[in-house]
Amino acid sequence: MKTTPFTQIHIALGAKMHEFAGYNMPIEYSGILNEHDTVCQKVGVFDVSHMGEFWVEGPKALDFIQNLCSNDASVLTDGQAQYSCLPNDHGGIVDDLLVYRVNAKRYLLVVNASNIDKDWKWCQEHNAVGAKLVNASDKTAQLAIQGPLAQATLQKLTDVDLSQIAYYHFAYGTMAGVENVLISNTGYTGAGGFEIYFAPADGAKLWQAIFEAGAEFGILPIGLGARDTLRLEMGFCLYGNDIDDTTSPLEAGLGWITKFTEGKNFPSRSILEKQKAEGVKKKLVGIEMIDKGIPRHDFDLVDAKGFVIGRVTSGTISPTTRIGIAMAYVDTPFAQPGTEVFVDIRNRHLKAKVVKFPFRK
């Protein structure tokens with residue numbers, strides 16, 4: 001398995017380790033519920049160094065992105081980030097990603113760890129404009145410092161005024177004596193906070209400084225288990241579960257990042273335009289249990305007569321409400337909030353209802 005600059009730190013802290021996307025990653029330290037609550041109420045730190053980073057450079061950088069990504073990157077200004085996806089040739093999704101504009105000739109694409117090789121190949125094969133592409137995944141480390149006390153923690157370590165970095169914006173600065181750290185007001189938890197990018201060699205120094213700065217706030221290391229429950233409560237898609245090569249961004253509720261503006265020629269644009277005009281046959285929705293039960297990945301959803309009308313993509317007991325929640329694709333007639341559905345759990349049809357995201361208000 002691959003390692004990150006923090007793998008030995010995780011092991012020394014007693015983390016429960018497991019393979020994820022080819023990396024030896026921490027699943028939990030003090031327990032998923034405790035870690036989840038810590039991020040919601042205080043501050044927690046995630047090792048996300050397994051994510052992929054591609055630089056797109058040169059005068060054709062924007063043209064490359066506009067021809068590949070669903071969102072309209074032409075609206076970005078220097079120091080701004082954007083959520084987007086890579087549509088495939090059949091209306092599905094190669095991956096979802098973040099696009100960072102450093103300047104007009106330099107962009108950073110941050111992709112999912114499980115898709116680094118696939119995405120890199122896709123980018124190279126679809127570089128018709130001749131942009132310069134650099135795969136910096138192995139030369140980039142990343143930590144996500146998340147929670148309401150994340151800003152107070154990090155502000156101790158940098159002269160950059162973090163309060164001036166708006167949501168989905170970023171700045172470069174020195175942090176804990178480490179120069180040229182990319183500090184991004186983004187995250188995958190819904191609890192607020194920052195994601196920082198830096199050279200792997202500086203990882204241990206930054207980790208120690210962050211935990212010393214956050215000690216008074218009850219800072220904890222957080223594993224992938226709580227990362228999953230936090231994103232699920234917000235209704236954030238996880239690639240491979242809620243979106244993949246067979247699901248369209250419109251089905252997944254990502255129409256807001258699928259722009260058909262002039263000059264955008266991403267793959268399967270015509271297919272997605274047709275879906276927008278005619279409507280989709282299934283939609284990704286939130287499911288909240290009424291009966292007691294835990295909806296799990298791949299469980300069927302049925303109607304009152306027992307006919308299958310959908311499938312759970314992600315599910316758990318909400319650490320916040322202690323109620324079973326799920327993300328699921330359902331046939332469009334059943335997608336309206338308040339609609340009663342049933343989850344097939346071991347041949348028992350347990351009552352649930354369709355709700356709007358997020359589950360955690």
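The values are calculated or read from the model by the stated rules, or taken from the named source; none is laboratory data. This structure is a prediction, so every number in the text was calculated from the model and none was measured. Cβ: placed from backbone, ideal geometry, glycine included. Neighbour counts: every protein chain shown.
Remarks
- Looking across the stretch 50-84, the residues that are in a strand (DSSP E or B) and either among the β-branched types (Val, Ile, Thr) or more than 21 Å from the chain's Cα centre (by Cα) (or both) come down to VAL56, GLU57.
Listed here are the residues, each with its yes/no results for (1) under 24 Å from GLY52 (Cα atoms); (2) touching a residue at least 12 places away in the same chain (Cβ under 8 Å); (3) not in a loop (DSSP other than H, G, I, E, B).
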{"site": "THR189", "(1), (2), (3)": "yes, yes, no"}
{"site": "GLU195", "(1), (2), (3)": "yes, yes, yes"}
{"site": "GLY203", "(1), (2), (3)": "yes, yes, yes"}
{"site": "TRP207", "(1), (2), (3)": "yes, yes, yes"}
{"site": "ALA215", "(1), (2), (3)": "no, no, yes"}
{"site": "GLY225", "(1), (2), (3)": "yes, yes, yes"}
{"site": "PHE236", "(1), (2), (3)": "yes, yes, no"}
{"site": "THR246", "(1), (2), (3)": "yes, yes, no"}
{"site": "LEU250", "(1), (2), (3)": "no, yes, no"}
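Rundown of residues vs (1) acidic (Asp, Glu); (2) surrounded by fewer than 19 Cβ atoms within 10 Å (Cβ to Cβ); (3) assigned by TED's automatic domain parsing to the domain that holds GLY315, yes/no style:
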site: ALA204; (1), (2), (3): no, yes, no
site: ALA215; (1), (2), (3): no, yes, no
site: PRO221; (1), (2), (3): no, no, no
site: GLU273; (1), (2), (3): yes, yes, no
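- Residue list for the stretch 118-156, restricted to those being under 17 Å from THR4 (Cβ atoms) and either in a helix (DSSP H, G or I) or more than 16 Å from the chain's Cα centre (by Cα) (or both): ASN135, ALA136, SER137, ASP138, LYS139, THR140, ALA141
- Scanning the stretch 1-17 for residues that are surrounded by fewer than 19 Cβ atoms within 10 Å (Cβ to Cβ) and outside any helix (DSSP H, G or I) turns up MET1, LYS2, THR3, LEU13, GLY14, LYS16, MET17.
- Qualifying positions in the stretch 262-286 - in contact (Cβ under 8 Å) with a residue 12 or more places away in the chain, of a type outside the set (Phe, Trp, Tyr), under 20 Å from ASN127 (Cα atoms) and assigned to a loop (DSSP other than H, G, I, E, B): GLY263, LYS264, ASN265, PRO267, SER268
- Filtering the stretch 148-197 to residues that are touching a Leu at 6+ places or on another chain (Cβ under 6 Å), of a type in the set (Val, Ile, Thr) and within 19 Å of ARG101 (Cβ to Cβ) leaves only ILE196.
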